[in-house]
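Undergrad: The structure is given below, and queries will be raised subsequently.
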Amino acid sequence: MEKEVDSDSDGNDALDWGSLAGSYGLQYIYRVHDRWSFGLEYNGNNFDDALQSRGILFPPFGWWERDIESRMNVHNMLAVGRFTFNPQSRVRFYVPFGAGVARSKGTLEVSETNLVSSQYLHSKTTAMDTSFAYYLGLGMEKQFASHWAWGLEMRYQGFWFDNGGYNLAGVSGKKHHGYISGLFKLSYLF
């Protein structure tokens, strides 16, 4: 994913925080009523690099080109639940939801090249933060054996990250980050 940022503004608060992610997780959920289930979930999300290119003029030193690669790893521990619309069917539709804690690690790599003198600078910085995390989605599952079901789920997930941990000019405060997840689930039913 590439993003051009106006070179006349600092724009660091508008940094992308990641691109596509590989996600994984484990969930235990207990049915307390035909339609309601509650439990715990751990999930991890490792986002790929997002690349942003910027051109910056610093007279009298020449024209500098700056590339910023950013990525984020987010680990969530959540109390979760789901409401099932048709609990007696072999194909069930439901609304999953969760809230808990996100532990996030962001990494920025900045490469700068002076196009006049061919001088090259590179720096890497990381920041860690803990914040509130949540999700809300839609799902379906199909029971294919007495104790097994497979399913598909779409979620909107969100968390906050303190960009000030990067110690960069123009970067400050907690920012909300959200993403959409598509999950394939394999479930064992007790």
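Undergrad: Given points 7 Å out from each Cα along the Cα-Cβ axis, report the S187 to H147 separation in nanometres with one decimal.
TA: Reported label-point gap for S187 and H147 is 1.6 nm.
Undergrad: Ok, one more. Rank these residues by their accessible area, most exposed first, probe 1.4 Å: E69, E41.
TA: So the residues, ranked largest to smallest area, are E69, E41.
Undergrad: Going by accessible area, probe 1.4 Å, with all protein chains left in place, what is the ranking of D16, D48, D162, largest first?
TA: D48, D162, D16
Undergrad: Mean separation of Cα pairs under 8 Å and 6+ residues apart, divided by the residue count of the stretch 46-150: what relative contact order is that in percent?
TA: 26
Undergrad: Once phi is turned into θ = phi - 60°, what whole-Hz ³J(HN,Hα) does the Karplus curve with 6.51, -1.76 and 1.60 give for every residue of the stretch 144-160, x standing for Gly and Pro?
TA: So the J values, rounded to whole Hz, are 10, 8, 4, 10, 10, 8, 10, x, 10, 9, 10, 9, 9, 10, x, 7, 10.
Undergrad: Taking the Cα centre of the chain as the origin and placing charges on Cβ (Lys, Arg +1; Asp, Glu -1), which of A145, P96, S19 is farthest toward the positive end of the dipole?
TA: A145
Undergrad: Still on this model: Roughly speaking, what is the stretch gain from N86 to L121, that is 0.36 nm per residue apart minus the C-alpha to C-alpha distance, in nm to one decimal?
TA: Net length gain for the segment: 6.7 nm.
Undergrad: Let me ask you something else. In terms of the ratio Rg/(2.2 N^0.38 Å) built on C-alpha atoms, what value belongs to the chain?
TA: 1.33
Undergrad: At a 1.4 Å probe, what is the % contribution of carbon and sulfur to the accessible area of the chain?
TA: Of all accessible area on the chain, carbon and sulfur atoms account for 60 percent.
Undergrad: How large is the dipole of the chain about the Cα centre if only Lys and Arg carry +1 and Asp and Glu carry -1, each at its Cβ, rounded to the nearest 20 debye?
TA: Using only the charged Cβ atoms, the result is roughly 1280 debye.
Undergrad: When we measure straight from the Cα of K185, which lysines land under 24 angstrom away, once same-chain ones fewer than 8 places off are left out?
TA: Within the straight-line cut-off, K185 pairs with K142.
Undergrad: Using C-alpha positions alone, give me the convex hull volume of the stretch 73-166 per residue in cubic angstrom.
TA: Here the figure is 142 Å³ per residue.
Undergrad: With every protein chain present, what is the per residue accessible area of the stretch 58-190 (1.4 Å probe, Å²)?
TA: 54
Undergrad: Now a separate question. How charged is the neighbourhood of G25? Take every other residue with its Cβ under 13 Å from the Cβ of G25, and add Lys/Arg as +1 and Asp/Glu as -1.
TA: Once all neighbours under 13 Å are counted, the net charge is 0.
Undergrad: If I take every Cα pair under 8 Å that is 6 or more residues apart in the chain, average their sequence separation and divide by the length, what percent do I get for the relative contact order?
TA: Result for the chain is 17 percent.
Undergrad: While we're here: What is the sum of charges around S131, taking Lys and Arg as +1, Asp and Glu as -1, for the other residues whose C-beta is under 14 Å from the C-beta of S131?
TA: +2
Undergrad: Find out how many positive minus negative residues lie around F38, taking Lys and Arg as positive, Asp and Glu as negative, among other residues whose Cβ is under 10 Å from that of F38.
TA: Taking every other residue near F38 into account, the sum is +2.
The values are calculated or read from the model by the stated rules, or taken from the named source; none is laboratory data. All values reported here derive from a predicted model rather than from experimental measurement. Heads up, the Cβs are rebuilt from the backbone with ideal geometry, glycines too, and the neighbour counts pull from every protein chain shown. Heads up: the accessible areas ignore ligands, DNA and RNA and are worked out on the full protein's heavy atoms, side chains in. Shrake-Rupley method; radii C 1.70, N 1.55, O 1.52, S 1.80 Å.
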